[in-house]
Amino acid sequence: MKTSRKRQTSKTIKHSFALLLLLCVFVVSPATAQTDDPWRETNQRLFKLNDYFDQLIVGPVASSYTLFIPRVARQGVRNFFSNIDDINVLVNDLLQLKLDAAMNDSGRLLVNSTLGLAGILDVASGFGLYKNEEDFGQTLGHWGVGSGPYVMLPVFGASNVRDSFGLVLDTLFNPIQYLDEESLRLTLFLVKETDSRSGLLALDELITGDRYLFVREAYVQRREYLVTDGQVEDEFGDFGDF
């Protein structure tokens, strides 16, 4: 049952994130009292620094990328990095003992890496092997590790103590990190981040009020949604259960 829900989550994750952002418009005020943010002053400074560089460099580059790179090429890039991410997903499926999901994701990785030309084409979804969303932060949460205080990371942005440790492990299991050519590693990292940022451009217009609080609450709610496989205890009744 959980595997089925997880697959549904993976198919609708972008829509869910957008809905969570919209939800933040209505719940930022009460949520500020609930979110563990003891380092808020430092976090806000880092957020302003990240936001400054985003508006100065990252955002404009992502906009240009969207404007000048054909959609089919951008989808191929996204599929390629998604296929690499499926390695991490598979490892975390196994660590969480989600064996059905592990079978799904191992098949997905095999099909897309071969028939999908190193993942450029998402052939696996056509066979019903849909992408799951798992990482080491979620695995720690699955086994009862609390999220800890909210933290804003330089460059990487919103996080918490648990997910920050998870990010280190995610990086270690990313095969790109083990490429011999440093320039190639950097290029792939920049392309991945540019593509990821381009996918969020449409959400920029949804941010209202205090940008720091909005981003913080969107992150906190999205991570809770992922860690619990969509089964969020929600004050708004059935709204949180897509």
Selection status of Gln44, part of a helix (DSSP H, G or I), of a type outside the set (Gly, Ala, Ser) and at pLDDT 50 or above:
yes
Note down all Cβ pairs under 8 Å where the first residue falls in the range 138-150 and is closer than 12 Å to Gln96 by Cβ, the second is outside any loop (DSSP other than H, G, I, E, B) and small (Gly, Ala, Ser), and they're at least six residues apart or on different chains.
Gln138/Gly166; Thr139/Gly166; Leu140/Gly166
Enumeration of residues in the range 62-103 that are more than 27 Å from Gly166 (Cβ to Cβ) and either assigned to a helix (DSSP H, G or I) or at pLDDT below 95 (or both)
Ser63, Ser64, Tyr65, Thr66, Leu67, Phe68, Arg71, Val72, Ala73, Arg74, Gln75, Gly76
Could you grab me the full set of residues in the range 119-160 that are assigned to a loop (DSSP other than H, G, I, E, B) and among the hydroxyl-bearing types (Ser, Thr, Tyr)?
Tyr130, Ser147
Among (1) within 25 Å of Val58 (Cβ to Cβ); (2) assigned to a helix (DSSP H, G or I); (3) within 13 Å of the chain's Cα centre (by Cα), the one test that Glu224 misses:
(1)
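What residue, of Phe173, Phe165, is of a type in the set (Phe, Trp, Tyr) and modelled with pLDDT of 95 or more?
After applying the criteria, what remains is Phe165.
Residue-by-condition table, conditions (1) surrounded by 15 or more Cβ atoms within 10 Å (Cβ to Cβ); (2) more than 22 Å from Leu172 (Cα to Cα); (3) within 20 Å of the chain's Cα centre (by Cα):
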site: Phe47; (1), (2), (3): yes, yes, yes
site: Asp54; (1), (2), (3): yes, yes, yes
site: Val58; (1), (2), (3): yes, yes, yes
site: Arg71; (1), (2), (3): no, yes, no
site: Phe80; (1), (2), (3): yes, no, yes
site: Asp105; (1), (2), (3): yes, no, yes
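Within the range 162-185, restricting attention to residues that are of a type outside the set (Phe, Trp, Tyr) and part of a loop (DSSP other than H, G, I, E, B), which residue is nearest to Trp143 (Cα to Cα)?
Asn174
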Can you name the residue in the range 140-182 that is hydroxyl-bearing (Ser, Thr, Tyr) and more than 24 Å from Gln34 (Cβ to Cβ) and is also farthest from the chain's Cα centre (by Cα) among such residues?
Tyr178
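The values are calculated or read from the model by the stated rules, or taken from the named source; none is laboratory data. Just so you know, these numbers come straight off a predicted model, no measurement behind them. Counting neighbours? That spans all protein chains shown, and the Cβs are built from the backbone with ideal geometry, glycine included.
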